[in-house]
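Please read the structure below before turning to the comments.
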Amino acid sequence: MTTTTPAPTPGADPAGLRLRGVELGYGPASAPPVVGPMDLDLPAGRVTAVIGANACGKSTLLRGLTRQLPLRAGSIDVLDRDAAALSARAYARTVALLPQHPVAPEGMTVAQLVERGRNPHRGLLGGRAPGDDDAVASALERADLLGLADRDVSTLSGGQRQRAWLALVLAQATPVVLLDEPTSYLDLNHQVELLDLVRGLPDPTGRAPRATVVAVLHELSLAARVADHMVALAGGRVAAAGTPAEVLVPEVLATVFGLDADVVPDPLLGHPVVLPRGAGDRGAREGAA
Amino acid sequence: MSPALPLTAAPTGPSADARDAVARLRRAGRRRLTLATAGLAALLVGLVLLRVTWGTYQVTVPDLVRILGGEVIPGASFIVLESKLPRAVAAMLSGAALGAAGALYRRTLRNPLASPDILGVTSGAAAGVVLLLAVTAGQAGGSTDLARAGAALAGGAAAAAAVFLAARSIGGERFVVAGIAVSAAGQAVVAGTMLSLAQHDLQSATVWIAGSLNGVTWGRIGLMAAALAVLLPLGAALHAALAPADVGPDLAHALGARPGPTGAAALAVGAALAAAATAAVGPLAFVALLATPLARGIAGGRPSLPVAALTGAVLVVLADVVAAEAVGLLAGGAALPTGVLTGAAGAPLMLWLLLRQGAVRAGARPA
Amino acid sequence: MPPTALAAPAARRAPARPSAAREGVLFGLLPLALLAAATVAGLALGARPVPPAVVLDTLGALLTGRGVPEGIDAAAVAARVPRTVTATLVGAALAVAGAALQGATRNPLGDPGLLGLSAGASLATAAGIAVGLGGSTAAIAGLAALGTLAAAVAVYAVAAAAARAGGAPGAPSPVALVLAGAAVTAGATAATTALLVLSPTVQDRFRFWAIGTVARADLGDAVLLAPVVGVGILLAAAAAPGLDALALGDDLAHGLGRRPGRTRAALLAAVVLLTGAAVALAGPVGFVGLLAPHALRRLRPATARALVLGCALWGAVLVVLADVLGRIVLAPAEIHLGVTTVVLGVPVLLALLRRPGVGA
């Protein structure tokens, strides 16, 4: 697989996740792959936003990165270690996932829910590990949930609940965090709040100042606000990768989403903002002018 | 890049307040669990004592102690050692087995209505037993306790496998409906076979189908106890290993658990526990279904297999006290099969669970 | 090209509009012929098989009022008449009840047994006998109908309340209905057992409490309840045109000028009459209501009325044959009708579950 490795760009960030020749798919091996073959480097200690139209393979890619879906071909290195060599628990101490639709169990308090994140650090029978309390406490503090720690999860608002799920992932204390559309169902203010929280996540192992975060996001301007790095997928392949300013350009948006759009810089923060154009928009403006 | 956003510095530990709050909550939860376990154990001991001493034939506690010490009191010794005590022990063990089985099913399938009695295991095990009885009816000596336990296990396993194959995956509503269908088939086989077997003894057939502690023997109790000695620790370990599965299969996987294989093992152990109980005492309706939500309520929402097992034991001993002795005192000597009581009391509770499940789903829906 | 190759695509192109002749054959003539054959088989087969000629002879003698001819064979045939007649009625009643339930609740898993109606009927019957109301077959049928009604209302109310609590008001989900049905079945069965154990009268009078059977069927009972079954079938057939609209959902049905409430009430009345009669005749016989309608839908009836009437005939065929099967598989021992239908029905239900929209 290393034969396909592209020459490393000088001065580039070290890869947090390095995919080489990765192919993912469902059903028999003869069925066409949903993702790949794909070579992809996701920078360590940075937030990467994965964007793409529906059914472009975003969620499948994430399932491959959590090893929920076995690789059909290729290899994944996580922080320079071959993922296939790690046990399930060791992998869960390295890579955490916030799925798109987590199941809220009935009759569980926020603290109990967050404590579930400690599972990979415990023995097989789930006995308490040293540092559990510290990890749960910092996760709750960071997600601003300390005051709600003894509340039943089912009584939380949508925004609070999503923070509780994020706190579970934080308690897992992994250097790599994967998020599958973490802002679905949230009001806009809660989306911004959550993504800023994600952007500030530290690397709990202390290897780097910040954790390696990979988030599937569908709101492009918000993705550009939070991301250091961006990957656009189309048809299970990488259509473009780079900084948000490099990826969010009209040509890429046209290929990936079939969208006619203008891109302008945010007046305050400078990140690109996407302005979609409908079929009649340009003609109408020109007609008026 | 968005340099205007602040970058948080490298991790710092939690504040002392936060750490204290978390530790306090955890200790409170643990204390509640310890209290629940101790309270249920005390209640169980009390109920077993009541079952052995009280009823249409009363035995004083000093007499009971003397009998258990080996002394022979004419009449009392026989009734205690051959009727009251075996019933109480069988009720306790079968209740514990069903409660633990319910907890395993509940945690694996993440559905409060999924329990081995609803999903066909109990009736499959009962069908295995009656089919064995039908085959051995004409033979001298009939069937041994061991053969009976084996038939129950085979029937329960066949039912569980049928549900699994029909639903093709663990969990989901498909699994529940397949279970109900298999359960109906098992019940039909039991009822039909028993009626054919017992043309002249309809009453005793009626009693067995309903689940009864009448015919229990020390031999059957010994087999059940041996099975439980293996299955309960195994079940407790699987139950603990499935803790991450409470938050859904995707997240469980990301937490390093293997919900698929562990869940399948948990269902197999749960089915074996339910079959062991059924082989000894017949199909006791709803105990497995009810023990888990009750146990969760008692333990403050924490799923715990020991608490569920204790709750199941308390339920069956209590039901047996009421069915065999209290009804007897009220209705002049008649006694109900214990399973009738658990069935009649369980149906409204199951309907209530169904209503509550709807409410929980609504709460769980993303806002 | 051979003619069959031409015919097949044509049939596939227009599956929704089969010809009236095809309809008449599939839902009328064919099951009638099969029913006649099944009846002869039902009278001929059993612990003592009898040649068909003797069956026809005896049947002719009985129908023309000449009495039972001499001989053991003729006596065996005569002895099988009540159970065959009863099986015909029970099959027709339960199959139509199932079709009506499925239509009224828009739930593919509708079956009087699965949804707890049969258990409710059994409990009401046992309770009635316990308090001395079970003097006549008519009284028992009335009790059974009352029990069916009570169970139907309870199951639907709980399932609908669960749907409301779940934030999805409207028709309750099939799974909620089945779970509520399972709970009602378990509770009613336990209560029935309690009555049986505590009351010798009930034990004596009420025999098919646990499992349906036609082994001890009585011709007088069958004759008495045949009109009830007939009225139930006619009621369901009369309400059937509303079913086609109901299948589209209440809002759309209203828009099409139908009255879903009235259609549902008529269907429920039919279900109550049919299930009550069937339980009074044979006890709880499960899965017929599931088997017949789903098998017939494969034949693509053009209208709901054709489905209902087809169910009456095909259901009768099914149950008569199930009874025969139960008699010959383990002869001289007998498998009760309720066991045979459930063993046949469970695989069908499990197959149904694989269809999208049922389990999900």
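Throughout, read-outs are computed from the coordinates displayed, never taken from laboratory work. Because the structure is a prediction, the values reported are computed rather than measured. Reconstructed Cβ throughout: ideal geometry from the backbone, glycine too, with neighbour counts over all protein chains shown.
Between residue B:38 and residue A:84, what is the label-to-label distance in nm when each label sits 7 Å out along the Cα-to-Cβ direction?
Computed distance between label sites residue B:38 and residue A:84 equals 5.4 nm.
Which of C:36, C:226, C:53 moves most in a GNM of chain C, Cα contacts under 10 Å?
Of C:36, C:226, C:53, the Gaussian network model singles out C:53 as fluctuating most.
Pop the C-beta distance of residue C:75 and residue C:133 into the FRET formula with R0 = 41 Å and round what comes out to the nearest 0.05.
0.70
Of the residues B:228, B:351, B:195, which exhibits the maximal mean-square fluctuation in a Gaussian network model of chain B defined by a 10 Å Cα contact cut-off?
The residue with the greatest mean-square fluctuation here is B:351.
Counting pairs of alpha carbon atoms under 8 Å apart in space and at least six apart in sequence, what relative contact order in percent does the stretch A:76-192 give?
Value for the stretch A:76-192: 39 percent.
Give me the percent of DSSP beta bridges within the protein assembly as shown that run antiparallel, rounded to the nearest 5.
Around 60 percent antiparallel, to the nearest 5.
How large is the helix-only mean residue ellipticity at 222 nm for chain A, computed as the sum of -39500 (n - 2.57) over DSSP H runs with n ≥ 4, divided by its residue count, in deg cm²/dmol to the nearest 500?
Taken over chain A, the calculation gives -8000 deg cm²/dmol.
Per 10 Å bin, what percent of the C-alpha pairs of the stretch C:35-353 does each bin hold, from zero upward?
Once binned at 10 Å, the Cα pair distances of the stretch C:35-353 give 7, 27, 33, 22, 8, 2, 0.
Under Stokes-Einstein, with the Kirkwood radius over Cα pairs standing in for Rh, what whole-number D in µm²/s applies to the protein assembly as shown at 10 °C and 1.306 mPa s?
50 µm²/s
Sequence gap at least 6, Cα distance under 8 Å: using those rules, report the relative contact order of the stretch B:40-151 to the nearest whole percent.
15 percent
Give me C:156, B:105 sorted ascending by neighbouring Cβ count inside 10 Å, so fewest comes first.
Ascending Cβ contact count within 10 Å gives the list C:156, B:105.
Grab the beta carbon distance between residue C:218 and residue C:32, set R0 = 25 Å, and tell me the FRET efficiency rounded to 0.05.
Efficiency, rounded to the nearest 0.05: 0.45.
Kindly provide the trypsin sites (Lys or Arg not before Pro) of the stretch A:109-151 that DSSP labels as loop, not H, G, I, E or B, and whose Cβ sees at most 12 other Cβ atoms within 10 Å.
Filter output for the stretch A:109-151: empty list.
Using 1/(1 + (r/R0)^6) with R0 = 22 angstrom and r between the beta carbons of residue A:189 and residue A:54, what's the FRET efficiency to the nearest 0.05?
It comes out at approximately 0.30.
Within chain A, what percent of beta bridges assigned by DSSP are antiparallel, to the nearest 5?
Here the share of antiparallel DSSP bridges comes out near 60 percent.
Using only the Cα atoms of the stretch A:103-173, construct the convex hull and provide its projected area averaged over every direction, in square nanometres to one decimal.
Reported value for the Cα convex hull: 4.5 nm².
Enter the angle in degrees (range 0 to 90, nearest 10) between the Cα long axis of helix A:132-142 and the first principal axis of the Cα atoms of chain A, meaning the one along which they spread out most.
Value to nearest ten degrees: 40.
What angle, in degrees between 0 and 90 and rounded to the nearest 10, separates the Cα long axis of helix B:259-281 from the longest principal axis of the Cα atoms of chain B?
It works out to around 20 degrees.
Restricting to Cα pairs below 8 Å that are 6+ residues apart, what does the relative contact order work out to for chain A? Please round to a whole percent.
21 percent
Beta carbons within 10 angstrom, averaged per residue: use that to sort the peptides C:44-52, B:65-73, highest first.
C:44-52, B:65-73
Please give the average number of partner chain Cβ atoms lying within 10 Å of the Cβ of each residue in A:55-68, rounded to a whole number.
What the average comes to for A:55-68 is 1.
Per q in 0.09, 0.10, 0.15 1/Å, what log10 I(q)/I(0) does a Debye calculation on the alpha-carbon atoms of the stretch B:39-356 return?
The Debye formula, applied to the Cα set alone, gives -0.44, -0.54, -1.17.
Using a Gaussian network model of chain C whose springs link C-alpha atoms within less than 10 Å, name the residue from C:322, C:240, C:33 with the highest mean-square fluctuation.
With Cα springs under 10 Å in chain C, the top fluctuation among C:322, C:240, C:33 is at C:33.
Tilt of helix B:338-364 relative to the longest C-alpha principal axis of chain B, in degrees (0 to 90, nearest 10)?
Roughly 10 degrees between the two axes.
How much length is gained on full extension from residue B:165 to residue B:61, taking 0.36 nm per residue of separation minus their Cα-Cα distance?
Working it through step by step, the gained length comes to 32.2 nm.
Please sort A:32-38, A:258-264, B:244-250, C:181-187 by packing, taking for each peptide the average over its residues of neighbouring beta carbons within 10 angstrom, highest first.
My ranking of the peptides, most packed first, is C:181-187, B:244-250, A:32-38, A:258-264.
In nm, what is the difference between 0.36 nm times the number of residues separating residue B:73 and residue B:45 and their Cα-Cα distance?
The span from residue B:73 to residue B:45 would gain 7.8 nm if fully extended.
Ranking A:56, C:311 by Cβ neighbours within 10 Å, fewest first, what do you get?
Starting with the residue having the fewest Cβ neighbours, the order is A:56, C:311.
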